[in-house]
Amino acid sequence: ESLFNVEDRIGGDSELSPRGHAFARSLAAFMQTRRTEEPITVWTSALKRTIQTAQYLREEPISNRALDEIDAGVCDGLTYSEVRRRHPEEFAARSKDKLNYRYPRGESYADVIQRLDPVIIEIERHERPILIVGHQGVLRALYAYLMDTPPRECPHLPMPLHTVLELTPNAYGCTERRFPLAC
């Protein structure tokens, strides 16, 4: 949870909120309980809040700009009510087609899905568990791919804060478990 989450702002590169720092410590403690002999890989975006979330983990995180949140362009840092007031045509267009709507000078979910192609290839050939500390939009896109969810549903998938989603590959896709963490 970033300071922008608390203020209901879009995007940005803000610091973690106090609850975000508490979650980061809970995440590290949770990962210790999941520890096996098998090493894990930790990936973050290049934005402050994911790097700060990974700071208490035992593993050194690897930052990757491909995991950065959707670029909200001219709407970056605004609240949705500010977007509705300042850019009513953009607000309406996004509401009609959230998958393909591209923020002016920014990205769409479809753009993010395409940006994540190399990440997905790396996930599929990676031989050990990966912990991805990411952003809701990017995690929705990765989740949709791994769970074989149609892209049109991707922008609407629930991606709760303060929760670890564990996806384990099996013969027919992935098994999912969710772990809400106290913070």
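The values are calculated or read from the model by the stated rules, or taken from the named source; none is laboratory data. Because the structure is predicted, anything quoted here is derived from the model rather than measured. Here Cβ is always computed from backbone atoms with ideal geometry, including for glycine, and neighbour counts include all displayed protein chains. Accessible surface is based on the protein model in full, side chains and every heavy atom, while ligands, DNA and RNA are left aside. Shrake-Rupley method; radii C 1.70, N 1.55, O 1.52, S 1.80 Å.
Considering helices alone, the calculated mean residue ellipticity of the chain at 222 nm is -10500 deg cm²/dmol, with DSSP H runs of length four and up weighted by -39500 (n - 2.57) and normalised per residue. Between the C-alpha center of the range 1-44 and that of the range 83-138 there is a gap of 19 Å.
Applying D = kT/(6 pi eta Rh) to the range 56-120, where Rh is the Kirkwood radius over alpha-carbon pairs, T corresponds to 10 °C and eta to 1.306 mPa s, the Stokes-Einstein value obtained is 119 µm²/s.
Where in the range 141-158 does the label zone of Asp97 land, with the point 7 angstrom along Cα→C-beta and an amide N cut-off under 20 Å? Those under the cut-off are 141, 150-157. Length available on full extension from Glu37 to Arg105: 0.36 nm per residue minus the Cα-Cα distance, which gives 19.9 nm.
Stretching the chain fully between Ala66 and Arg152 yields a gain of 28.9 nm (0.36 nm per residue, less the alpha carbon separation).
Taking the range 44-142, which trypsin sites (Lys or Arg not before Pro) meet the DSSP loop condition and have no more than 13 other C-beta atoms within 10 Å?
Answer in residue order: Arg58, Arg105.
Taking the range 43-70 and a reference point 7 angstrom along Cα→Cβ of Arg86, no backbone N atom is nearer than 13 Å. Of all DSSP bridge pairs formed entirely within the chain, close to 60 percent run antiparallel.
According to the square roots a ≥ b ≥ c of the eigenvalues of the Cα gyration tensor, what is the shape class of the range 72-183, taking rounded for a/c under 1.5, prolate for a/b larger than b/c otherwise, and oblate for the remainder? It is prolate, given that a/c is not under 1.5 and a/b is the larger ratio.
Axis angle, to the nearest 10 degrees, between helix 18-33 and the longest C-alpha principal axis of the chain: 30 degrees. Computed over protein heavy atoms with a 1.4 Å probe, the carbon and sulfur contribution to the accessible area of the range 28-180 reaches 51%. Here the chain is assigned +1 on the Cβ of each Lys and Arg and -1 on the Cβ of each Asp and Glu. Its dipole about the Cα centre then comes out at about 400 debye. The modelled label-to-label distance for the pair Leu3/Thr175, using points 7 Å beyond Cα in the direction of Cβ, is 4.3 nm.
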